[in-house]
1. Check each of the chymotrypsin sites (Phe, Trp or Tyr not before Pro) in the stretch 136-245 and keep only those in coil by DSSP with at most 16 other C-beta atoms within 10 angstrom; list them in order.
2. Leaving ligands, DNA and RNA out of it, work out the accessible area of residue 43 with a 1.4 Å probe and give it in Å² to the nearest 10.
3. So if R0 is 22 Å, what FRET efficiency would residue 186 and residue 142 give, r being the distance between their Cβ atoms, rounded to the nearest 0.05?
4. List the residues, sorted by chain then number, that are 5 or more residues from residue 227 or on another chain and whose placed amide H is less than 5 Å from its amide H.
5. Keeping all protein chains in place, calculate the accessible area per residue for the stretch 136-287 (probe 1.4 angstrom), answer in Å².
6. Within the stretch 27-183, what whole-number % of the accessible surface is contributed by carbon and sulfur, with the 1.4 Å probe and all protein chains included in the calculation?
7. Only Cα pairs under 8 Å and at least 6 apart count here; give the relative contact order of the stretch 37-88 as a rounded whole percent.
8. Can you list residues from other chains, or at least 5 along the same chain, whose modelled amide H is less than 5 Å from the amide H of residue 236?
Amino acid sequence: MLALIAAVILFMVGTNRFGEDTSRVAAPCSQALTFRVGDIDERFYITREELVGLIQDVAEVWSQAADTTVVVYDENGDIAVNLVYAEVQQLSDREKQHRDRLEDEEFSITVLENEYQRMNREYEAGVTRYEEDSKNLQQRIDGMNEWVVRKNNEGGFNEEDLNQYENRKQEIDRMKQDLDQREITLKRQANELNEKIDFLNDKVERKNKLVDEYNRMFTGVRKFTQGAYEWTADSKNINIFHFLDRDELRLVLAHEIGHALGMDHVQNPESVMYELMGSQARPGIELTDEDIRALQSVCQPLSTRISD
């Protein structure tokens, strides 16, 4: 079986800032940032309620780490969270559809393999029994022939011998008929197994072609911005452009809300605030020591901050 060669994709989580957020500089973490749900492109197939829940999850994580409420969900919050369907999401959707096809093919092949193995075990067990019973039948035939020869040499058959001969012959005939029927069944099972393995090989070949197609289209390193925290004089927004699933959306939200709090990227690849997505723990969100230090750095009073 050719295993699926998974695409290695690194997602860059970026932040684009416009203008100066003077409120965050003047009083870091003294007042919680409030977030609301903005526009959701229907092609993301996520409900408003689901997005609210994810924002609340992220708010709890950052607030617990800060030991004070620094992020809250508010229907009238200052910062809108928007899901903006972009070209990269279209690519990921196509990749997911292709991956789903591969998973369906893999599941179908597994079912067929299990069925083939079950049928083959039954066939091999039937062949073993057939060969043993055929050997037993031949021994009976040989034994009866030897008995007939001995009786002829001793002067022939009496009435009791004839009855015994007829009984033994009938038993041999019944065994022979049973074996003939079983031989027919075994031949039919062998044909079914051959058809099954041919069909299975065709399925594997089609799946391998899908794997090759997947690798040509999607394997490689791609970097792109999944989200951005943006603000102008009139509005503040977190725009999410791409995510593969709910866990990844939660992580992108946590990253961008981190930027909204004032944090920059950190160096640990497992950190929420690392610039690339891929090594962070999921499901859920686990802040690293680097994440917590970055949060503490922006939340401490301005006069006590340590300059880099």
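1. Answer by residue number: 157.
2. Spelled out: residue 43, probe radius 1.4 Å, area about 110 Å².
3. E between residue 186 and residue 142, to the nearest 0.05, is 0.40.
4. 14, 241
5. About 56 Å² of surface per residue is accessible.
6. 42 percent
7. Relative contact order here is 54 percent.
8. So residue 236 has HN proximity to 80.
The values are calculated or read from the model by the stated rules, or taken from the named source; none is laboratory data. Every value quoted in this text rests on a predicted model; they were computed, and no experiment measured them. FYI the Cβ positions are ideal-geometry reconstructions off the backbone, even for glycines, and counts take in every protein chain you see. Only protein heavy atoms, including side chains, enter the accessible area calculation; ligands, DNA and RNA are left aside. Shrake-Rupley method; radii C 1.70, N 1.55, O 1.52, S 1.80 Å.
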